[in-house]
Each structure stands twice: as structure tokens, then as C-alpha cells.
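Notes follow once the structure below has been shown.
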Amino acid sequence: MLKISRYSRIWLLPFIVSAGLAQTVYWVDMKNGNDTNNGTSEATAFKTIHYVFDQNILSNDDTVKVKPSLDANGNLSYYDFGGDRIIDNRSYDFVMIGVAGPDSTIFDAEFKNQHFELSNKSSDTRIEGITFRRGKDSKSYHGGSINISNSDLQFKNCKWIDNELLNGYRGGAINVNNDSSPSFYDCHFKNNRIIYDSDGNTWHADGGAIYFQEANNKATHDIVIKIHNTIFEKNYISGFSNIYGGAISSYRQMEVVNSVFIDNSLTWYQGGNQNYAEMFGGAVFFDTKYWNGSSYTGGTSTV
């Protein structure tokens, strides 16, 4: 053990620390940006969100700062996701921030497709200050706005408004697959829905706003998903099948804190081969469990 008295002196020799490369901050500005820019400053911002992801520009821990969605005249508009969702399945983390907040930073899919398909992200990935509006899925049956796989990313101060899953099963706004544990803080889900436009033979629909699939292993099951300070308003399921959770349907362990549920609902219409149907949870449905290989193991969800 080295003992140092008040009269001792320690001489520090110079040393060199090898540091990694600094992470990059990119800017997107639909009013003044251009996708031919380098994107590394406000003055040289890109114009579209799609360019950043489609060109695989981002490296681990990079940040994307998104300026308000203003048109050429300075009026509030939206970043156009119509007809072209973003699929990001690379194994890296990023932060994307709407610098002016969700009311001024809108991603709108024009009821043509989802906004994002996201996978292979840790909890170091954070999406903040964005509104996801008018997403729609009628092909994959999972998530009107975002489908999440193998990811534990965080959403903060985001809004999902008027997203729709048509003739699908899981998540009017967001579908969370069995290998994922995202968290939500200070968010707002309004008027998201699962609806059926025919009386087909579909057998269930889960989560007018969010669906959390049963975990595929114990480690994932043991993670408690956090939803804090979040509003669920007027989300619903309307269809001909068994339907669960007008706002949230979850088979995962959860902690829902300081959150508000307003006018969420389920509506079932008899038709087709569906002469009987279950409905559980106008706002929330929990069936917390996972299959351990021989039986179901339960868990705890707290509101």
C-alpha cells in the first residue's frame, strides 16, 4: 500500500490516452437543407430523413438533429414518409432528436405505409421529440407506424397520431416483437387503431396503440418494460375477431407510471365465420407470461 503524508510529493509522468473517433452530429432541415450537402452542420443540413438512413451514413452513437418540418414558405408541413418506409436493421445505436419538439417535427406517411422497421438496437438508441402521423400497414399485420425487433431503444417526448393497422393483428401504432424491450417516456398516443374492412376469418387483434408480444426467453421476460408519463387517448380496435386492449395489449412484465388513459375502446361486429368472440380491456389488457419450454411462467405488471 502506498502511504502519502502531507509532506510527500508525487510526480506524474506524461502519458498518452488513445481515444476513439468523435461521434458525428448530422442535421436534417426540409426547408433549407439539400441531400447533396455533407449534413454536419445546420448550414449544410440534409433535406430528408430517408437520405440519412438509406445511405447508411450513421455510425455507432451518431446523432441526427431534425429541424422543424417547415415548407419553403415557412409554414408547418411534414417530412414525407408516404410510399417509402425506412428499414434499419444494422447493429448500431443512434440518437434522433426533433430539436423543436414533436408539435413542430412531423413524420407523415399519408396512410400509405409504416414509418420505420427497426431492429438490432440497444437502449442507447433514443428517438425524441418526433410526431409519427398517418402511418398505415395492411401487409405485414404488425404495427401501423413502427415494427420493432431485437431492440431495447428508448422513445422520449414522441407522439403517435392517427396511425392504422388494417386487417392486421398487432399494434395500431407500434408492434413490439418477442425479443425487444423498448421504453416510453413522456409520450402521447392518440387515435391509433386496428380496424377490419371485411368480415374475414382473422382470429384476433391486439393493442389499439401498442402490442407487446410474449418474450421468447427468460432474460427478455425478466426485463420490465417502462411506460412513464404517457397519455393514451381515443385508441381503439374495431373488428370481427377476438380483440384485446384498446390502448395496450401486453404479454410482458411492465411498469406503467403516471400515465393517463382516456376514451380507449373495443368494438366487435359479428360477421363471417365469427359467431363468438372475446373482448378484454377497453384500455389495457395484460397476460404476463412466457413459455419456458414445458409450461408458462408468469410475471408482474404494475399500473
- Of the residues in segment 130-172, those that are acidic (Asp, Glu), without any contact (Cβ under 8 Å) to a residue 60 or more places away in the chain and either farther than 17 Å from residue 81 by Cβ or outside any loop (DSSP other than H, G, I, E, B) (or both) come to 137, 164
- Query: Just wondering, is there one or more residues in segment 242-257 that are open to solvent by less than 20 Å² (accessible area, probe 1.4 Å), more than 22 Å from residue 114 (Cβ to Cβ) and touching a residue at least 40 places away in the same chain (Cβ under 8 Å)?
  - Reply: yes
- Go through segment 1-36 and give me each residue that's surrounded by 13 or more Cβ atoms within 10 Å (Cβ to Cβ) and either over 18 Å from residue 59 (Cβ atoms) or at pLDDT below 50 (or both). 29, 30, 31, 32, 33, 34, 35
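Could you check segment 134-152 and list, in sequence order, the residues that are at pLDDT 95 or above and crowded, with 24+ Cβ neighbours inside 10 Å? Can you show your working first?
The first filter runs over segment 134-152 and keeps only residues at pLDDT 95 or above, leaving 134-136, 143-152.
Of everything in segment 134-152, those that are at pLDDT 95 or above and crowded, with 24+ Cβ neighbours inside 10 Å turn out to be 135, 143, 144, 145, 146, 147, 148.
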- Message: Just to be sure before I move on: is residue 84 among the charged types (D, E, K, R), in contact (Cβ under 8 Å) with a residue 24 or more places away in the chain and surrounded by 18 or more Cβ atoms within 10 Å (Cβ to Cβ) in the structure I sent?
- Response: no
- Residue by residue through segment 99-136, note down the ones that are touching an Asp or Glu at 6+ places or on another chain (Cβ under 8 Å) and under 19 Å from residue 170 (Cα atoms). 111, 113, 114, 116, 117, 118, 119, 133, 134, 135, 136
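The values are calculated or read from the model by the stated rules, or taken from the named source; none is laboratory data. What you see is a predicted model, and the numbers here were worked out from it, not measured in a lab. Positions of Cβ are generated from backbone atoms using ideal geometry, with glycine treated the same way; all protein chains shown enter the neighbour counts. When the accessible area is computed, the model is the full protein with side chains, heavy atoms only, and any ligands, DNA or RNA have been set aside. Shrake-Rupley method; radii C 1.70, N 1.55, O 1.52, S 1.80 Å.
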